[in-house]
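S.K.: For reference, the structure I am asking about is given below.
The values are calculated or read from the model by the stated rules, or taken from the named source; none is laboratory data. On a predicted model such as this, the values are computed, not experimentally measured, just so you know. Cβ sites come from the backbone with ideal geometry, for glycine too, and all protein chains shown count toward neighbours. These accessible areas exclude ligands, DNA and RNA; they are computed on the full protein's heavy atoms, side chains included. Shrake-Rupley method; radii C 1.70, N 1.55, O 1.52, S 1.80 Å.
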Amino acid sequence: MSDTSIRNTVILGTGPAGLTAALYLGRANLAPLVFAGNLPGGQLTTTTEVENFPGFPEGVLGGKLMEDMDAQARKYGAEIEYELVERIEFDARPFTLHAGGKAYRAQTVIIATGASPRLLGVPGEQTYWNHGVHTCAVCDGGFYKGKDVVVVGGGDSAMEEASYLTKLANKVYVVHRRGELRASKIMADRALANPKIEFVWDSAVDEVLGEKAGNFNKANRVRVKNLKSGETREIAASAMFIAIGHVPNTKFLGGALATDEEGYLKVDHHQQTSIEGVFAAGDVHDRNFRQAITAAGMGCASALEAERYLTRMGLA
Ligand code: NAP
């Protein structure tokens, strides 16, 4: 089945980058079609309080911020489809996008598919996936009230996850592979001062261990290795939350657009990818800042550039 119309711009992703692009294109009367993908609202929906988005001196819940961005984009004519784009044909114009068993055509495309949590790849990670191994404390922390849990990582995400989990868990171990944190000072200081957090420095997770619980496998301890001494120890913990960064969601593009060695899309100064008329915004190409506000800024820039391209080519 095909959508018969030719869209000016199709946007992939409803995080701050995608929805800001949608808002700008909507206000330009270009009626963008937006695909929400498999995490509508993006990564901010898996966080709690956002303290560093300008305009919210008291902070704002990540989910609420995204709801408001969604409403604002729709108000100006953005159409949002809750489907995942599986494939794009870039060899003919307009481009053809395949989503939910339908084909869509677009003169320009903005890719704002963000990034997904990086995993450790250690034994037990898959065995206890969602039964003790998680990547989102806000989503799954509630299962571990009064228990001991482990957080892996030393960046802002790990500190945020650990601090959040102290409100639920009995104790939080933070396992970090070095002796110093990567997190920003404010987040690091907050976690370091939290009496419910114990840091396990210079250490890597070797394996997640557990037991059969009815029909499920359930994690109950994490074996960690001190990378300096080589000693291993088992931490009794009901869950391990992995917070070691992200990988860009570009696999579905099948290498059609130029990326760096880690899969981040390459863009020029106009947010344009290696194919003219195809733009990228947010964490899918930004390995440097990775902030909601920078993603929103890039979404705005990509929309303005898409609009200029459509005008230049006489397409809209
Ligand atoms: P990140 O800054 O890249 O930190 C990743 C952490 O995981 C690092 O400590 C890294 O160790 C560790 N790590 C990476 N690969 C690992 C592996 N295979 N095994 C064990 N440890 C591993 O990622 P992030 O914390 O997700 O933050 C991403 C961006 O989002 C940052 O710009 C951050 O400032 C931002 N952010 C901001 C907030 C906020 O302001 N509220 C909240 C969350 C995230 P090393 O340190 O040794 O490299």
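S.K.: What FRET efficiency would be calculated for the residue pair residue 2, residue 52, taking the C-beta separation as r and a Förster radius of 35 Å, to the nearest 0.05?
M.R.: Working: r = 43 Å, r/R0 = 1.22.
After rounding to 0.05, the efficiency reads 0.25.
S.K.: When ranked by the protection proxy of mean other Cβ atoms within 10 Å per residue, highest first, what sequence do the peptides 289-297, 30-38 form? Before the final figure, lay out each step's value.
M.R.: Details: 289-297: 19.3, 30-38: 21.7.
Going by the mean number of other Cβ atoms within 10 Å, highest first, we get 30-38, 289-297.
S.K.: Gain in length, residue 178 to residue 194, computed as 0.36 nm per residue apart minus the alpha-carbon separation, to one decimal in nm?
M.R.: Working: separation 16, 0.36 × 16 = 5.76 nm, distance 1.94 nm.
This chain segment gains 3.8 nm when fully extended.
S.K.: What is the P(r) of region 243-305, as percent of Cα-Cα pairs per 10 Å bin from 0?
M.R.: Answer for region 243-305: a P(r) of 22, 56, 20, 1 percent.
S.K.: Exactly which GluC sites (Glu not before Pro) in region 239-312 are in a DSSP loop and have at most 16 other Cβ atoms within 10 Å?
M.R.: Taking region 239-312 and a limit of 16 other Cβ atoms within 10 Å, the loop GluC sites (Glu not before Pro) found are 261, 262, 276.
S.K.: Let me ask something else. Among 147/225; 167/225; 145/218; 196/225; 145/212; 145/196, which pairs are too far apart, with a Cα-Cα distance over 25 Å? Can you show the working numbers first?
M.R.: Values: 147/225 22 Å; 167/225 27 Å; 145/218 16 Å; 196/225 22 Å; 145/212 20 Å; 145/196 13 Å.
Cα-Cα > 25 Å for 167/225; rest within.
S.K.: With an 8 Å cut-off on Cα pairs and a minimum separation of 6 or more residues, tell me the relative contact order of the chain in percent.
M.R.: 21 percent
S.K.: In the chain, which cysteines lack any other cysteine Cβ under 4.7 Å from their own?
M.R.: Result for the chain is 300, no neighbouring Cys Cβ within the cutoff.
S.K.: A further question follows. What whole-number distance in Å separates the alpha-carbon centres of region 255-290 and region 1-80?
M.R.: 19 Å
S.K.: In percent, what relative contact order does region 1-102 have, based on Cα pairs under 8 Å that are 6 or more apart in sequence?
M.R.: 30 percent
S.K.: Moving to a separate point now. Using Cα pairs closer than 8 Å and at least 6 residues apart in sequence, work out the relative contact order for region 177-223, in percent.
M.R.: After rounding, I find 31 percent.
S.K.: Okay, next question. Report the chymotrypsin sites (Phe, Trp or Tyr not before Pro) located in region 196-234 that are in a DSSP loop and have at most 16 other Cβ atoms inside 10 Å of their Cβ, or state none.
M.R.: Passing sites in region 196-234 are 201.
S.K.: Same structure, new question: Any chance you could list the semi-axes, whole Å, largest first, of the equivalent ellipsoid that the Cα gyration tensor gives for the chain, using √(5λ)?
M.R.: Numbers: eigenvalues 312, 80, 63 Å².
Output for the chain: semi-axes of 40, 20, 18 Å.
S.K.: With a cut-off of at most 10 other beta carbons within 10 Å, and DSSP calling the residue loop, which GluC sites (Glu not before Pro) in region 162-225 qualify? Please list them.
M.R.: Sparse-neighbourhood loop GluC sites (Glu not before Pro): 180.
S.K.: Which of the three applies to region 163-212, rounded, prolate or oblate, going by the alpha-carbon gyration tensor with a ≥ b ≥ c and a/c under 1.5 meaning rounded? Walk me through the intermediate numbers first.
M.R.: On the way: a/c = 2.76, a/b = 1.30, b/c = 2.12.
Taking the square roots of the gyration eigenvalues as a ≥ b ≥ c, region 163-212 is oblate.
S.K.: With a Förster radius of 41 Å, plug the Cβ-Cβ distance of residue 96 and residue 229 into 1/(1 + (r/R0)^6) and report the FRET value to the nearest 0.05.
M.R.: FRET efficiency, residue 96 to residue 229: 0.15.
S.K.: In region 198-263, what percent of the accessible surface is made up of carbon and sulfur (1.4 Å probe, ligands and nucleic acids excluded)?
M.R.: Answer for region 198-263 is 47 percent, counting heavy atoms of protein chains only.
S.K.: List the DSSP H helices in the chain whose Cα atoms stretch 27 Å or more along the helix axis and whose mean Kyte-Doolittle hydropathy is at least -1.0.
M.R.: 292-312
S.K.: Just the number please: accessible area per residue for the chain, 1.4 Å probe, all protein chains included, in Å².
M.R.: So the chain comes to 48 Å² accessible per residue, rounded to a whole number.
S.K.: Let me ask you something else. Can you tell me the order of 240-246, 298-304 when each peptide is scored by its average per-residue count of other Cβ atoms within 10 angstrom, highest first?
M.R.: 298-304, 240-246
S.K.: Can you spot the lysines whose alpha carbon is less than 19 Å from residue 251's alpha carbon? Ignore those fewer than 8 places along the same chain.
M.R.: Counting by Cα, and skipping residues close in sequence, residue 251 has these lysines nearby: 266.
S.K.: Let me ask something else. For every helix of n ≥ 4 consecutive DSSP H residues, a contribution of -39,500 (n - 2.57) applies; sum these over the chain, divide by its total residues, and give [θ] at 222 nm rounded to the nearest 500 deg cm²/dmol.
M.R.: Values: 6 runs with 69 residues, N = 316.
Theoretical 222 nm ellipticity from helices: -6500 deg cm²/dmol.
S.K.: OK, next. Answer rounded, prolate or oblate for region 1-160, using the Cα gyration tensor with square roots of eigenvalues a ≥ b ≥ c: rounded when a/c is under 1.5, else prolate when a/b is larger than b/c, else oblate. Intermediate results must be reported in sequence, preceding the final value.
M.R.: On the way: a/c = 2.85, a/b = 1.59, b/c = 1.80.
Here region 1-160 falls in the oblate category.
S.K.: For residue 218 and residue 251 in one chain, what is 0.36 nm times their gap in residues minus the Cα-Cα distance, to one decimal in nm?
M.R.: Gain on extension, residue 218 to residue 251, equals 8.8 nm.
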